[in-house]
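The block underneath contains the structure these notes are about, expressed in structure tokens.
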Amino acid sequence: MNFDKIHISLKKNMLNFSRGVIFMCLVVNKGLKLELLPSKSMIQVLEQNIGNARFIWNNILGIYCDLYELFKFHGCPLSPTINNLNAILKMLKQENSFLYDGESTSQQQVFRDLNKAFTKLFKEKHGFPKFKSKKNPKQSFRIQKNGNNIKITNRRIRLAKLGYVHYRTSSKYKKLLKNSKINNVTVKRENGKYYAIVNITTTVEELEKTGKHIGIDLGLKNLATLSTGQEIVNLDLTHEEEMIHKYQRKLNRQKYMSNNYKKTLQKYYKWLNRKNNKIQNAYHQLSKYLVRNYDIIAMEDLNIKGMFKNKKWAPKLQRISLYKLVKMIKYKAEWYKKTFIQIDRFYPSSQLCNNCGYQKHDLTLGIREWTCPVCKTKHNRDINASKNILQKAIQENIVNS
Ligand SMILES: [Zn+2]
């Protein structure tokens, strides 16, 4: 099965919706992506704010790191509080007057984000927050909604002190923007384009319960194998990747930021965006399909970070960026009140015979098909694994509820 086929069944399923049944409305937060069309002077303003946000992040982080080391030396690591960080921001502003020109809620947002990163560090043992590099092709800042500081008309979005910017988006999103509560806006530069991600609170209609459950084995050979036996093939991104590499090589030969370099950069970004959009669309379709058709969706808790350390797996995994798909399924399941379960990644889902429970300890990665020596069932490795994942998840779900 490929994504096209999933698309078709998705439409069929929508037609099957029985009319007259009233579904509950569920309140959710959504991020809507608008493409900004800034003028040259507006680009300057946006860049100024992106730079400020990065400056504040890096400087607070730097000062905080020094303090952290100092306090640690005295035996009591300094836990960050909003007050601590706010004091550091005030000090920074006094020393760097250009910060007064920026949008103030976006500056406060930086230390709120930083505070969150530190809380994660202390509570969940997350990694230490990283310094932001100017060279990163993704740069952003966020504006919190505060009174009338954010306003969106049919064609333009007003971003606080920064003024109005034209934007482009679908009519579906325009309608949503008109009728929803706006929480915040993240302005992002990504691959040469500017976007506003508008976070809104809206409602979605509850999806009909289907009584069906599904186990998913995420893999390398196929993107995913479902416990129904369906195989979802990886996207073919060969052409996009060839073009990306072609322009990357060209950029390496050209003089940095010369006119020709800039022209090539545009082409390079174009193909990067094409590739990302293709992945994004396919993942949206697949996650929608799963959430619409199944009440329990089960999957392994992948140690994606660990996999990246394995050199052989890294390039493929990077390409298919599985974590994005997992995240999408997770939040859509949450929206529509479906159950998403991730089972322990050490559960031997590939080795167990789904029919009799026999464990084949010597199953290596290369074996795609095997026959159970006890009950003689023939197994496709991935389908068997996805069935086991589903079974395990249902057991856990019963225990927990
Ligand atoms: Zn068996």
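Structural remarks
- Of the set (1) among the aromatic types (Phe, Trp, Tyr); (2) closer than 26 Å to ASN183 by Cα; (3) exposed (fewer than 14 other Cβ atoms within 10 Å of the Cβ), all apply to PHE111 but (3).
- Scanning region 336-373 for residues that are surrounded by 18 or more Cβ atoms within 10 Å (Cβ to Cβ) and either more than 12 Å from the ligand (Cβ to nearest atom) or within 15 Å of LEU218 (Cα to Cα) (or both) yields a count of 7.
- ARG381 satisfies every condition listed in (1) farther than 18 Å from GLY219 by Cβ; (2) within 16 Å of the ligand (Cβ to nearest atom); (3) of a type in the set (Lys, Arg) except (1).
- Every test in (1) surrounded by 12 or more Cβ atoms within 10 Å (Cβ to Cβ); (2) in a loop (DSSP other than H, G, I, E, B); (3) within 13 Å of the ligand (Cβ to nearest atom); (4) of a type outside the set (A, V, I, L, M, F, W, C) is passed by LYS376 save one, and that test is (1).
- Taking the listed residues LEU34, LEU10, the one that is at pLDDT 65 or above and either assigned to a helix (DSSP H, G or I) or in the same structural domain as ILE157 (by TED's automatic domain parsing) (or both) is LEU34, with no other qualifying.
- Among the residues of region 94-123, those that are within 15 Å of GLN48 (Cα to Cα) and not β-branched (Val, Ile, Thr) comprise ASN96, SER97, PHE98, LEU99, TYR100, ASP101, GLY102, GLU103, SER104, SER106, GLN107.
- Of all residues making up region 172-196, the number that are part of a helix (DSSP H, G or I) and surrounded by fewer than 16 Cβ atoms within 10 Å (Cβ to Cβ): 4
The values are calculated or read from the model by the stated rules, or taken from the named source; none is laboratory data. These numbers come from a predicted model, not from an experiment. No Cβ is skipped: glycine too gets one built from the backbone with ideal geometry, and neighbour counts run over all protein chains shown.
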